[in-house]
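The values are calculated or read from the model by the stated rules, or taken from the named source; none is laboratory data. Note that the structure is a prediction, hence the values are computed from the model and not measured. Neighbour counts are summed over all protein chains in view; Cβ atoms, including those assigned to glycine, are modelled from backbone coordinates with ideal geometry.
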Amino acid sequence: MARTKKRYETSVTEKKNKENLTIYQAGIYTRLSQERKEEYRDKSNSLAMQEELCIKEAKERGIRVVKVYQDYEYSGTNFQRPAFNEMMTDIKERKINCILVKDLSRFGREYLEIGNYIEKVFPFLGVRFISVNDHFDTEHESDDKKSLEITIKNIINDLYAKDISKKVSSTKQAKMKQGYFIGTFAPYGYKAVRKDKGKVLIVDEKVREVVELIFNLAYKGASQVEIARELTKTYTTPWQYMKTGEVLRSTDNKKQWSPSAIRQFLKNEVYIGNMVQGMHEKKSVRKEKGAYKPLDEWVKVEHTHEAVIDEEKFFVIQNLRKEKGDIAREKHNLYNKTKTIDNKYKGLVICKECGQLLKTRHMNTSNDHAGIENKEQYYFFCRGEDYLFENEVHCKIWESEIDKILFRSVKEIINILSSKSDIKNRLQYFYQSQRKDMEINLKTLQDKREHKLLELQKKYEEYVRGELLLDNYQKEKTAIQRQVHSLEEEIKIYFDKQKKAKQKRKEFECFINSLFDMKSKDVNSIDEEFIHKIIDSIQISKNREVIIHFKFDISKEIEVLGGLSYE
């Protein structure tokens, strides 16, 4: 029996030593559901309550809390939540290795996914998971009863979420079929007011005339751009009206009505007194994105509120829009048939005046364009936020002009470079030296971390032997843990540096190869692959100045590698 007892005591001591060797940097995860509204609870107190409970638990277990993650008004039925994703990123980057939650329902309500995280993901990542109210801690071996209890709780949470989702969906469906408005913001021209068991729409008299003007202009055959231009002369945009309540536009107001917004007005049956809702839904409580339902599944209730527009006029406008749409589609199809090349500068050409990507037009240029060769190419231009083409364009330029300037710039770079082999040799030598320095520094930091961990182990042994008081042990333990954490942060920085250096070398070699490949070619050899290998962005100014930002500042890079050499 004595030998058995001694063996047992030894195994317990070893287990305790092993547990104390693990330094826990914890993150507290808190969440409030989107279904629970402010009238039912105070946001700050609820989040604070979850956080306070977890902090208390962490102190009792001697765990250091380094960060609190909060998801406010996010459903637990899926894991696409900002703070949750941030927490998982920190876990992968070794910033935390322990998670505390108030209970399993705060972590999530989808039992299969929760089980996957607790049983597979967290153990694989070396993460300790603690659910305070469930008295669950993955650090301790759980018996079959506790495992069964956790599984049952997960299933109940999942069923609860599905039940709530169904009830909310059923309630909304019932209200839609009764003609109540279930949206958050009423359509422009209406106000949503509560009546009986739901919200109804009443005409907003302040902007009735604006809605009538939109439809009157469309009835006379005006285009969406023409209508938007006319409204911009006098009235604030719908978004500005919603924020300020101002109907008339001030002289210093630069905001314009959007033609696309006009299109939404003209096809919305709300303006003839019909309520059309339920067009879009989530496919599942576990999915964020849904899709539009088929037209016959939309919930349409006629004559639910006062109409602003005469029904006959509304449908005449729909026919006019359809005819114009058919013509526009024919032009678009004809354009696509004639277009045989892609925009090789796509996503790279930026307006220096406003910072927006330039818009493009594909054209077959002719001799009518002075100084521009006759070829199929793109025309770049920018109007900023001028949807209505009222002001002069910020900048404009032809694709062939950019080609010539780029080709000339590449030739100038090649002329100041030494041979390709010389640059590659210097590049190899530089990165080998850099890697060796990093490895030496990294080894030094890792040795320091191991030394601190051993020091922590010795302090624990001193405490167990009674040579160190508890208060002193806890103070020294905390100080050493901070030092270890600081060293781990430095080690992570060096790993990141190594990764970035390796990636930069790869990209720089590709950059150099691309430049020298162009040495024996002409301007017509500039293609999309070459452009995207060497260019970060291209700015075009008002006076047609082209500023090319290469992926690398070649002068600085060569200087770092050992000075410029000339052929």
Inset, instruction - Output the number of the condition that ALA186 fails; it satisfies all remaining conditions of (1) among the aliphatic types (A, V, I, L, M); (2) at pLDDT below 90; (3) assigned to a helix (DSSP H, G or I). - result: (3)
Inset, instruction - Pick out the one residue from ILE540, ILE531 that is in contact with a Cys (Cβ under 8 Å, 6 or more places away or on another chain), surrounded by 15 or more Cβ atoms within 10 Å (Cβ to Cβ) and not hydroxyl-bearing (Ser, Thr, Tyr). - result: ILE540
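Results for (1) of a type outside the set (Phe, Trp, Tyr); (2) modelled with pLDDT under 85; (3) farther than 30 Å from ASN425 by Cβ, shown as yes or no for each residue.
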{"position": "ILE480", "(1), (2), (3)": "yes, no, yes"}
{"position": "LEU487", "(1), (2), (3)": "yes, no, yes"}
{"position": "GLU490", "(1), (2), (3)": "yes, no, yes"}
{"position": "LYS533", "(1), (2), (3)": "yes, no, no"}
{"position": "ILE538", "(1), (2), (3)": "yes, no, yes"}
{"position": "ASN543", "(1), (2), (3)": "yes, yes, yes"}
Legend entry - Near pairs, Cβ below 9 angstrom, 6+ apart or cross-chain, from the stretch 549-567 (of a type in the set (Phe, Trp, Tyr)) to any residue that is at pLDDT below 75: TYR566/SER418
Inset, instruction - Would you be able to say whether some residue in the stretch 418-439 is under 30 Å from GLU545 (Cα atoms) and not in a helix (DSSP H, G or I)? - result: yes
Legend entry - Options SER555, SER520; residue that is among the hydroxyl-bearing types (Ser, Thr, Tyr), modelled with pLDDT under 85 and in a helix (DSSP H, G or I): SER555
Legend entry - So ALA228, is it assigned to a helix (DSSP H, G or I), touching a Pro at 6+ places or on another chain (Cβ under 9 Å) and over 28 Å from THR304 (Cα atoms): yes
Inset, instruction - Name the residue, out of LYS191, LYS199, LYS243, LYS255, that is in a loop (DSSP other than H, G, I, E, B) and not polar (S, T, N, Q). - result: LYS255
Inset, instruction - Mind counting the residues in the stretch 436-481 that are under 20 Å from TYR24 (Cβ atoms), free of Cβ contacts under 8 Å to residues at least 12 places away in the same chain and within 39 Å of the chain's Cα centre (by Cα)? - result: 2
Inset, instruction - Could you tell me whether any residue of the stretch 505-518 is under 27 Å from the mean Cα position of the chain (by Cα) and β-branched (Val, Ile, Thr)? - result: no
Legend entry - Residue list for the stretch 205-237, restricted to those being within 19 Å of ILE272 (Cα to Cα) and touching a helix residue (DSSP H, G or I) at 6+ places or on another chain (Cβ under 9 Å): LYS206, VAL207, VAL210, VAL211, LEU213, ILE214, PHE215, ASN216, LEU217, ALA218, TYR219
Legend entry - Test result for LYS533, of a type outside the set (Phe, Trp, Tyr), more than 30 Å from PHE381 (Cα to Cα), in a helix (DSSP H, G or I) and assigned by TED's automatic domain parsing to the domain that holds ARG408: no
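To keep it simple, each residue is scored yes or no on (1) charged (D, E, K, R); (2) closer than 30 Å to GLY108 by Cβ; (3) crowded, with 19+ Cβ neighbours inside 10 Å; (4) in contact with a strand residue (DSSP E or B) (Cβ under 8 Å, 6 or more places away or on another chain).
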{"site": "GLY183", "(1), (2), (3), (4)": "no, yes, no, yes"}
{"site": "LYS195", "(1), (2), (3), (4)": "yes, no, no, no"}
{"site": "VAL211", "(1), (2), (3), (4)": "no, no, yes, no"}
{"site": "PHE215", "(1), (2), (3), (4)": "no, no, yes, no"}
{"site": "ALA218", "(1), (2), (3), (4)": "no, no, yes, no"}
{"site": "PRO238", "(1), (2), (3), (4)": "no, no, yes, no"}
{"site": "VAL247", "(1), (2), (3), (4)": "no, no, no, yes"}
{"site": "VAL270", "(1), (2), (3), (4)": "no, no, yes, yes"}
Inset, instruction - Determine if the stretch 115-124 includes at least one residue that is within 21 Å of GLN50 (Cα to Cα) and at pLDDT 80 or above. - result: yes
Inset, instruction - Would you mention how many residues in the stretch 220-241 are touching a residue at least 60 places away in the same chain (Cβ under 8 Å) and either within 15 Å of GLU209 (Cα to Cα) or under 36 Å from the mean Cα position of the chain (by Cα) (or both)? - result: 5
Inset, instruction - For the stretch 294-346, name all the residues that are closer than 22 Å to GLN377 by Cα and at pLDDT 75 or above. - result: ASP342, ASN343, LYS344, TYR345, LYS346
Inset, instruction - Quickly run through the stretch 71-100 and pick out the residues that are under 22 Å from the mean Cα position of the chain (by Cα), part of a strand (DSSP E or B) and buried (at least 18 other Cβ atoms within 10 Å of the Cβ). - result: ASP71
Legend entry - Test: LYS452 is farther than 30 Å from SER520 by Cβ, loosely packed, with under 14 Cβ neighbours inside 10 Å, modelled with pLDDT of 85 or more and out of contact with any Lys or Arg (no Cβ under 6 Å at 6 or more places or on another chain): no
Inset, instruction - Look through the stretch 122-137, keep the residues that are assigned to a strand (DSSP E or B) and among the charged types (D, E, K, R), and return whichever of them is surrounded by the most Cβ atoms within 10 Å (Cβ to Cβ). - result: ARG128
Legend entry - Filter pass, LYS67 being basic (Lys, Arg), part of a strand (DSSP E or B) and surrounded by fewer than 18 Cβ atoms within 10 Å (Cβ to Cβ): yes
